[in-house]
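Structure first, commentary second.
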Amino acid sequence: MEQIKKTLKKFILENILFDDNDNALDYDDSFLEKGIIDSTGVLEVVNFIEEEFEISVEDEELVPENLDSVNNLARFIHSKKGNTSQV
Amino acid sequence: MCGIAGIFNLYDEKEISMDTLRKMTAIIRHRGPDGFGFYKDKRAGLAHARLSIIDLDGGWQPMHNEDKTIWITFNGEIFNYIELREGLISKGHRFHTKSDTEVIVHSYEEYGTDCLKYFNGQFAFAIWDKNKDMLFIARDRVGIRPLFYTSVNGSILFASEIKSLFADERVRREIDHRALDQIFTFWMNIPPRTAFKDIMELPAGHYMTVKNGDCRVMQYWDLDFTACDSIKSEEEYAEELRELLISSTRLRLRADVSVGAYLSGGIDSSVITALIKKYTNNPLRTFSVAFHDEAYDESIYQKHMIEYLNTDHSEIRCSYSDIGSIFPDVIWHTEMPVLRTAPAPLYLLSKLVRENGYKVVLTGEGADEILAGYDIFKETKVRRFLEKNPASICRPLILKKLYPYLENSPTKSLHYSKAFFDVDMSNYPDRYYSHVPRWDLTSKIKFFFSDNIRDELNGYNKFDELSSLLSNNMDSFDHLSKAQYLEIRTLLSNYLLSSQGDRMAMGNSVEGRYPFLDYRVIEFCCKLPPNLRMRTLTEKYILKKSMNDLLPESIIARTKQPYMAPDSRSFFAGGTLDYVGEMFSENALKRCGCFDVRKTKMIFEKCRKGLTIGFKDNMAFVGILSTQILYDLFVERFKADSLYDKNISNERIMEVA
């Protein structure tokens, strides 16, 4: 989990926030509330996690509970990976 | 079509440098490669670079009246010159040429500055009236032809392009950071401000007089939607629109050279091409731009029209690298930062036209503005509807319907599209309702501005300047008309007709003509009931109705696809283009000083890796790159002398006093 969070944070800092300061993003920060990610940014994050973690995200999964913070994302990815391995 | 330039001494007589006039003309010779003409006395110097289209032998400029007390240098066309000429002859005026230029001179003699209201055309001109000791410069109603001016050491300099003003070494070349703020919000500069400090643009529909050292800028025309009526039947409106478009197309085929047409695959250019075919004897020659990348390509629809009308057609197919490699030339001509690469393919298209021996093309520009074709008008309607009916069960369906053609549509995820559409309007007056989401999104790219620029812009309110461009009347327009008015007064005049219009065509010595922007057509559309312009979410409803029998079903039934070109991807196909790497180098970024080096380096990396999919990052990248190029070309490396060919072969000096 920790590694997933680190990877996600690095991606968001470099490609969404354009900031190399590690303190600019907490794992719990809500992307929507803090204006970190807009509707296009979400799709960039989805593209990234699909490729990086080899999962497939369905349209109905595009909801804040899955995507709205590093923690939410990590939980979502973890459960997807878990589901995949069970199949 | 041509380029004009000139110098006017504000207060007293002093020598005007012929050398400077020549440099000012030579640098815009792409606008008029067929010959240069000059006039000068101790008060005024007028210059003209000519692209001969009407009266090939007699149309040399600067031109004068009977007793040489009035001189003109003119860029553009007065399409109704034949009718105006007859009227002026009956009033006793004597003509020496068959040109439209001479019609302006005599109209001015007859009506003074009021002459402008008689012209149906696209023009920018300067008249030096020795009798009144007055300079009179003017631009057409919607700003099809450009005109810039500045003052230096007691003289006014004017020209078709900014680079011509820079040919006078006394003129300062510095990026205007307030204009940068405007462009990185509205996609355009708000005239009179331009991308360069102290260089002014005469706004569309305005004229300026200079007399006794006093410059007065006056508006002579504006759009008026207050008189919307619904007296006639839908059929009558459709018929009237068709008649007007036939007339405006016919007028725009007046030329002593062959006239071609652009075919985009959309309904607007298809209408114009079909009208030429059906109602004129002009041999139909068409041109189009296609893309290797299918996401942007409309060639399948272009093919429908080519086969339907059986036109003699040529096409240029653009790759990513075509756009990337031509981009610095594009910025040389736009003379302002742009947030999209969309002008670049149009530059390649006009090159194709010129290579085929054509100097004039008709296009469909303007229809989306006057007949409500753009998505922004639909989006506005949807937002207003949802605001009133927040619980509407249709909400998901409506949102999905908005951008069916976008791969990465903001409406793809409903949860996130809510954030996109529920815009906080509390800081804006209702007149800006339609455009606030676009401006808000675009403004986010100012994130990349350097701290210095941010400090400098602190407290600057660009909305005051925007407001000065707009009529107070607009607050009484209906919702749709308000949005259309805003779009026309901002983006049509100051981006579409300039960066994507005049500059890209004239860069290759090609003149664009726009039947939808005939002022009679515009004024007619302003009076149409709004629901004939847009019916529910069907754009350009009345146009489709009136042209139903002229076009194939596939074109009429098509959902509008906005014209776009690949953005940041164009600069990294097959490796980073050398000049792009240089423009984003720490050194170059620091010299220009407009952007934060650290952040800019990071977006460069993101684009280089191909991770950029959204509008915002693409706009940021293209905006930064074009600003860097602008600085490099016009501030750092500009040398008028190196662009000045002293051996001008085809030159006429009309008079030197």
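The values are calculated or read from the model by the stated rules, or taken from the named source; none is laboratory data. If you're wondering where the values come from, they're calculated on a predicted model, not measured in any experiment. Here Cβ is always computed from backbone atoms with ideal geometry, including for glycine, and neighbour counts include all displayed protein chains. Surface accessibility is based on the protein's heavy atoms, side chains included, excluding ligands, DNA and RNA. Shrake-Rupley method; radii C 1.70, N 1.55, O 1.52, S 1.80 Å.
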task: Mind telling me which of the residues A:Val70, A:Val63, A:Val42, A:Val57 ends up being closer than 15 Å to B:Ile613 by Cα and either among the β-branched types (Val, Ile, Thr) or open to solvent by 10 Å² or more (accessible area, probe 1.4 Å) (or both)?
output: A:Val42
field: Options B:Lys359, B:Lys388, B:Lys401, B:Lys444; residue that is at pLDDT 80 or above, open to solvent by 50 Å² or more (accessible area, probe 1.4 Å) and more than 14 Å from every other protein chain (Cβ to nearest Cβ)
entry: B:Lys388
statement: Wholly inside region B:430-488, helices (runs of 4 or more DSSP H) that include 3 or more residues that are within 21 Å of B:Phe377 (Cα to Cα) are B:436-443, B:462-469, B:479-487
- request: Could you tell me whether any residue of region B:293-310 is outside any loop (DSSP other than H, G, I, E, B) and under 21 Å from B:His30 (Cα atoms)?
  value: no
query: Does B:Gly76 satisfy the condition of being touching a residue at least 60 places away in the same chain (Cβ under 8 Å) and in contact with a Cys (Cβ under 6 Å, 6 or more places away or on another chain)?
result: no
- request: Please go through region B:119-141 and pick out each residue that is assigned to a loop (DSSP other than H, G, I, E, B) and open to solvent by less than 10 Å² (accessible area, probe 1.4 Å).
  value: B:Phe119, B:Asn120, B:Asp140
- prompt: Restricting attention to region B:566-580, which residues are open to solvent by less than 10 Å² (accessible area, probe 1.4 Å) and part of a helix (DSSP H, G or I)?
  reply: B:Ser568, B:Ser570, B:Phe571, B:Val580
message: For region B:173-184, check the following and say yes or no: at least one residue is surrounded by 22 or more Cβ atoms within 10 Å (Cβ to Cβ), in contact (Cβ under 8 Å) with a residue 40 or more places away in the chain and assigned to a loop (DSSP other than H, G, I, E, B).
response: no
query: Name the helices (runs of 4 or more DSSP H) wholly within chain A that hold at least 2 residues that are more than 10 Å from chain B (Cβ to nearest Cβ) and hydrophobic (A, V, I, L, M, F, W, C)?
result: A:2-15, A:39-52, A:70-86
message: Going by what's in this entry, would B:Val330 be described as under 22 Å from B:Ile28 (Cβ atoms), modelled with pLDDT of 95 or more, open to solvent by less than 10 Å² (accessible area, probe 1.4 Å) and in a helix (DSSP H, G or I)?
response: yes
task: Please work out if B:Lys599 is open to solvent by 10 Å² or more (accessible area, probe 1.4 Å), out of contact with any Asp or Glu (no Cβ under 9 Å at 6 or more places or on another chain) and closer than 21 Å to A:Ile16 by Cα.
output: no
message: Would you confirm whether or not region B:267-278 contains a residue that is under 26 Å from the mean Cα position of the chain (by Cα) and on the phi > 0 side of the Ramachandran plot?
response: no
task: Those residues that are under 25 Å from B:Arg254 (Cβ atoms), part of a strand (DSSP E or B) and open to solvent by less than 10 Å² (accessible area, probe 1.4 Å), I need them from region B:47-70; list them, please.
output: B:His48, B:Ala49, B:Ile70
Filter pass, B:Lys544 being within 14 Å of chain A (Cβ to nearest Cβ), out of contact with any Cys (no Cβ under 9 Å at 6 or more places or on another chain) and open to solvent by 10 Å² or more (accessible area, probe 1.4 Å): no
